[in-house]
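The values are calculated or read from the model by the stated rules, or taken from the named source; none is laboratory data. As the structure is a prediction and not an experimental result, all values here were calculated from the model. Cβ atoms come from the backbone with ideal geometry, glycine included; neighbour counts cover every protein chain shown. All accessible areas refer to the heavy atoms of the entire protein, side chains included, with ligands and DNA or RNA removed. Shrake-Rupley method; radii C 1.70, N 1.55, O 1.52, S 1.80 Å.
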Amino acid sequence: MQIESGVSLKPYNTFGLPAVAHTLVRIASDADVRRVVDDPKLGRASKFILGGGSNIILTRDMPQLVLKVEVRGMRIVEERADAWIVEAGAGENWHAFVAYTLEQGCFGLENLALIPGTVGAAPVQNIGAYGVELKDRFESLDAVDLVTGRSVTLRAPICRFGYRDSEFKHSLAGRSVITRVRFRLPRPWQPVLGYLDIQRKIAETGVSAPDARRLFDWVCAIRRAKLPDPESLGNAGSFFKNPVVTPEQCRDIIGRDPAIVHYPLPDGTVKLAAGWMIDACGWKGKSVGQAAVYEKQALVLVNRGAAIGAEVMTLARAIQESVYGRFGIRLEPEPVVV
């Protein structure tokens, strides 16, 4: 367990926003979490769990005890007749883990390639892209209770996964540190090809049955064409959730805006493309101070170089009001605002 004071968090959030942690503890194992819990001073402190910082907007300095999760390791746990079970430490880079599974011949995460962040943050957000969500591949996770110091293994029913949501954003928020996550990758592998961008790749290449490696490469190419690299332009990926509406609401919006991009869901509801709505309201390329809407993808807000959290949130609220005024839809931010 490594304890540091007065730590700048700018390198630890992909938006590159300035903030300082009064105290930061680097967590490399379950035992490190238990040491925090058992410490007379650290155990009583209010805590904030930090992974890759790809899904947070920092608007102030952090008086809480910041737990920087850096648990490492990747391995194949079990090879079953119907699935591979693959595990990664919560501090591992998510995209690197997806690449690792492909190298091991374990397929099923390729649609989730190039999503920024860590493995431990993935179940918190129930990350998803191009027709696959984490919950579709989830087996279980290990976590340490920040009150008792007890290690527990949690399966999907306890995690209560929803659209970009989980119990770690609700009753378990700030109460458990995820240390390892296991994934169930089904055998035989079946590609998920339903999304429009992937269908375009099929049309462009003439490859109607891509293997997992080709699908991985396609997803990486699609994301790189649309989304900025946080290393060169600070951002937190998609800033708003795609809203889900009833068929009646969708028909009403289509009646006013026939071109709106929408996706019917298995339960009968309809997912609307938030980026399309933001673009339709004229926000692409607009800015507030150093915070701006990305020119290539209206769903992404970016840091032009010296943005502060207040500028990002002022821009976000203006977009919300604009979209609500035109479509009657209130967009919800994906990142956690601190």
Cα centroid distance between the range 280-338 and the range 24-40, in Å? 37
Hypothetical label at Val147: residues of the range 163-178 whose amide nitrogen lies under 13 Å (7 Å Cα-Cβ projection): 171-176
Residue among Gly237, Val338, Leu299 farthest towards the positive dipole end of the chain, charges placed on Cβ: Val338
Quick one: if the Förster radius is 45 Å, what FRET efficiency do Gln190 and Val337 give, using the C-beta to C-beta distance and rounding to 0.05? 0.75
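What ranking do 107-117, 309-319, 291-301 get when scored by the average of other Cβ atoms within 10 Å per residue, highest first?
Working: 107-117: 23.4, 309-319: 19.2, 291-301: 21.7.
Order by mean packing, descending: 107-117, 291-301, 309-319.
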Estimated FRET transfer efficiency (Ser29, Lys296; beta-carbon r; R0 51 Å; 0.05): 0.80
Residue order for Val207, Val77 - accessible surface, 1.4 angstrom probe, largest first: Val77, Val207
Run the 1.4 Å probe and let me know the accessible area of Ile329, rounded to the nearest 10 Å². 20
I'd like the distance separating the alpha-carbon centroids of the range 231-274 and the range 97-164, in whole Å. 24
Which stretch or stretches of the range 249-284 have amide N atoms under 17 Å from the point lying 7 Å from Arg160's Cα along the Cα→Cβ direction? none
With labels modelled as points extended 7 Å from the Cα through the Cβ direction, what inter-label distance (nm, one decimal) is found for Lys41 paired with Asp61? 1.7
Taking 0.36 nm per residue of separation between Ile3 and Val77 and subtracting their Cα-Cα distance, the length gained on full extension comes to 23.5 nm
Label point distance in nm, Lys10-Val261, each placed 7 Å from Cα along Cα→Cβ: 3.4
Mean accessible area per residue over the chain (1.4 angstrom probe, all protein chains present, square angstrom) is 44
Between the modelled labels at Val207 and Tyr324 (7 Å from Cα along Cα→Cβ) the distance in nm is 4.5
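Would you mind telling me the share, in percent, of accessible area of the range 1-150 contributed by carbon and sulfur at probe 1.4 angstrom?
Roughly 49 percent, rounded to a whole number.
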What label, among (1) 22.4, 72; (2) 20.2, 70; (3) 20.3, 63, belongs to Rg and Dmax of the Cα atoms in Å computed from the structure on display? (3)
Expressed in square angstrom to the nearest 10, the accessible area of Tyr195 with a 1.4 Å probe stands at 50
